[in-house]
Amino acid sequence: MLVSARGRLRCEGFPYALDNGAWTAHTRSEPFNVCAFVRAVEEMGSRADFVVAPDIVMGGRASLELTRKWLPWCLERCDRVLIAVQDGHTPDDVRPLLSDRVGVAIGGSTEWKEDQLARQVWRASWVHVLRVNTARRVHLCSSAGADSFDGSGVSRFVVELGRVDAARRQESFKW
């Protein structure tokens, strides 16, 4: 389960990861909500499978600089932190920041994300793919060797659940 810093801070007893809420801010044309992120990490970060460090959706270099500033703070509070890579980022840009506790969350525009998955260029201790809402993208995640993915589509459009779940259950996906 992916819990957003901008949503209700609950996991219903399921294992969970914590997202920073940048996507919600982006879709609402609002600034990143620092207070919501800090509160979410303080309340839930220590038990999360991972926390996505603050980023700027499709923000290129500025996004990576924001993430660099937050990494030490996040690592003091969380076991695993992911860098949300965006349009224009390359593996060389983030490689110096990666470790056994710092992985990658592939975000950015849909087109860029799908290209990155098809090219299978991202390697880290953990690779998560953000906003995967179709069976096609689930297959791309699998072939790229992603460890996990999320997508709100199945919670908003229940008709998609069967297709996405069937794609997830294919033997090629590593869990």
Looking at the range 36-62, which of its residues are acidic (Asp, Glu), more than 17 Å from Phe14 (Cα to Cα) and surrounded by fewer than 23 Cβ atoms within 10 Å (Cβ to Cβ)? Glu42
So which pairs qualify, if the first residue must be in the range 1-25 and free of Cβ contacts under 8 Å to residues at least 12 places away in the same chain, the second must be part of a loop (DSSP other than H, G, I, E, B) and among the hydrophobic types (A, V, I, L, M, F, W, C), the Cβ gap must be under 8 Å, and the two must be at least 6 apart or on different chains? Glu12/Met1
Which condition number does Phe14 fail, the rest of (1) part of a helix (DSSP H, G or I); (2) closer than 25 Å to Ser142 by Cβ being met? (1)
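Would you call Arg95 modelled with pLDDT under 90 and loosely packed, with under 14 Cβ neighbours inside 10 Å?
Working: modelled with pLDDT under 90: no; loosely packed, with under 14 Cβ neighbours inside 10 Å: yes.
No: the conditions fail for Arg95.
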Considering only residues of the range 57-70 that are under 19 Å from Ala36 (Cα atoms), under 15 Å from the mean Cα position of the chain (by Cα) and part of a helix (DSSP H, G or I), which is modelled with the highest pLDDT? Thr67
Test: Asp79 is buried (at least 17 other Cβ atoms within 10 Å of the Cβ) and not hydrophobic (A, V, I, L, M, F, W, C): no
When you look at Ala22, is it buried (at least 17 other Cβ atoms within 10 Å of the Cβ) and more than 16 Å from Val127 (Cα to Cα), yes or no? yes
Where Ala105 falls short, out of the listed (1) surrounded by 14 or more Cβ atoms within 10 Å (Cβ to Cβ); (2) touching a residue at least 24 places away in the same chain (Cβ under 8 Å); (3) assigned to a helix (DSSP H, G or I): (3)
Being assigned to a loop (DSSP other than H, G, I, E, B) and under 16 Å from the mean Cα position of the chain (by Cα) narrows it down to one of Pro54, Pro31, so name that one. Pro54
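The values are calculated or read from the model by the stated rules, or taken from the named source; none is laboratory data. Quick caveat, the model's predicted, so the values are computed rather than measured. Using ideal geometry, Cβ is built from the backbone for each residue, glycine included, and neighbour counts are taken over all protein chains shown.
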